[in-house]
1. Give me the pairs: first residue in the range 250-269 and surrounded by fewer than 17 Cβ atoms within 10 Å (Cβ to Cβ) and of a type in the set (Phe, Trp, Tyr), second residue assigned to a loop (DSSP other than H, G, I, E, B) and at pLDDT 95 or above, beta-carbon distance under 9 Å, and six or more apart or on different chains, which are they?
2. Would you check which residues across the range 33-47 are in contact with a Ser or Thr (Cβ under 8 Å, 6 or more places away or on another chain) and within 13 Å of ALA344 (Cβ to Cβ) and list them?
3. Which one of these is more than 26 Å from VAL245 (Cβ to Cβ) and in the same structural domain as ALA263 (by TED's automatic domain parsing): ALA120, ALA158?
4. Can you name the residue in the range 133-155 that is in a strand (DSSP E or B) and among the β-branched types (Val, Ile, Thr) and, of all such residues, is surrounded by the most Cβ atoms within 10 Å (Cβ to Cβ)?
5. Any residue at all in the range 245-253 that is under 23 Å from the mean Cα position of the chain (by Cα) and either in a strand (DSSP E or B) or not assigned by TED's automatic domain parsing to the domain that holds GLY340 (or both)?
6. Scan the range 295-316 and tell me whether some residue there is part of a loop (DSSP other than H, G, I, E, B) and over 28 Å from GLY157 (Cα atoms).
7. Quick test of your reading of the structure: VAL130 fulfils all but one of (1) within 28 Å of ILE348 (Cβ to Cβ); (2) in contact with an Asp or Glu (Cβ under 8 Å, 6 or more places away or on another chain); (3) surrounded by 18 or more Cβ atoms within 10 Å (Cβ to Cβ); (4) of a type in the set (A, V, I, L, M, F, W, C). Name the failing condition by number.
8. Please go through the range 80-101 and pick out each residue that is outside any helix (DSSP H, G or I), at negative phi and loosely packed, with under 12 Cβ neighbours inside 10 Å.
Amino acid sequence: HYFYLILAFIGELSVLGQWALFRHSLPVPEMPLLALFMVLPILYVIPYVFSEVLPPIITRGLTRFAGYWFSFSYYATMLLIPGLLLWIVIRLMGRDDLWQGTVSVYYSAFAFGLTWLLLAVGAWIGHHQVVRTVDIETDKAIDRDFSIAFVSDIHLGAVLGTSFSRQLTRDVNACRPDMVLMGGDIIDGDLQYVLREDSFSGFEGLKAPAGVFAVMGNHDTYGENLALEAEVLGRYGVQVLNGDVVTPIPGVSLFGREDYYIAPAAPVRKADEAAFSIFMEHEPMHIHQAAEAGWDLHVSGHTHAGQFWPNRLVTGRLFALDYGTRTFGKMTAMVSSGYGAWGALFRIGPPPEVVVIRVHKKDSPKEIY
């Protein structure tokens, strides 16, 4: 709750600048427009702070509206910067009349239109998940070629519920994987809301002969009961790995590491050199260590590939790999942009995805999937 109250306070400060920018072009009196802008951050906070007492339909409607407001506010605030620079230049020219009479109106209209365009494009991308395919060859003694469907950052909660988990199940099943891996942040943080709505029930139809496995992420930790979340997921066929190693397919070793947020000092274990070994964690924090420990494949999520442009300028510096596929020594690392989203389904950048990883025996004929 404190996190969202802090966001609301920051939002109140940002809307003052947005009002100053947009008041020049919107056909609304300045004071009513200011009042409207000041209400928006409060509407953002209400469903997150009072989700336990509000009817679910109101919570869901407000959270979806709030998510898109956040996206709109994000870019509107960014557009304040060039507007301020333009105002400074005109003031230095001694042409205050030019700003008041012409430039402020045109720039305000431009900024308002561009923000809505970005909102529309981001909403469209966010609602259209794609399938990204990664092919890997191995000389390990696996019985046969196999495929993995990897999804991360689902973020079930007040915004994304049962219908979204069912959509994920349909999309994953259409890929016909041998196993399914979930890379953490299965919930958005409010476990009780997810349990009341029974959003995990949408995973019940996931079909994977070798099983469905998951690790927890930082947002799962915010739910404050990882054991209960793992237990309920287990009822729907999802096995949570909490530092465990399993053998889903003969010749394949799968390790699910505790999230860095939960156990930052947990050591990186050595891989089974005889098996094709998969290292799964939520945050891509241990790519180099996993490569040094002999793992063949590292999968993770968390970054959302920035979700909003230009956030990848930050995530690209924070992690050895923030999105996509790259080899580190003999290990292939794959970081997903995630299937869901934090806040609204909104993306400016790589789209949400299911990653299908196809593992082939070296020098053997490729199976057709």
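1. The qualifying pairs do not exist here.
2. Selection gives PRO47 alone.
3. Selected residue: ALA158, the only one of ALA120, ALA158 that is more than 26 Å from VAL245 (Cβ to Cβ) and in the same structural domain as ALA263 (by TED's automatic domain parsing).
4. Result: ILE148.
5. No, every residue in the range 245-253 fails to be under 23 Å from the mean Cα position of the chain (by Cα) and either in a strand (DSSP E or B) or not assigned by TED's automatic domain parsing to the domain that holds GLY340 (or both).
6. Yes; the residues of the range 295-316 include at least one that is part of a loop (DSSP other than H, G, I, E, B) and over 28 Å from GLY157 (Cα atoms).
7. Evaluating VAL130 over (1) within 28 Å of ILE348 (Cβ to Cβ); (2) in contact with an Asp or Glu (Cβ under 8 Å, 6 or more places away or on another chain); (3) surrounded by 18 or more Cβ atoms within 10 Å (Cβ to Cβ); (4) of a type in the set (A, V, I, L, M, F, W, C) leaves (3) as the failure.
8. MET93
The values are calculated or read from the model by the stated rules, or taken from the named source; none is laboratory data. Because the structure is predicted, anything quoted here is derived from the model rather than measured. When we count neighbours, we look across all protein chains shown, and the Cβ atoms used for this are built from the backbone with ideal geometry, even at glycine.
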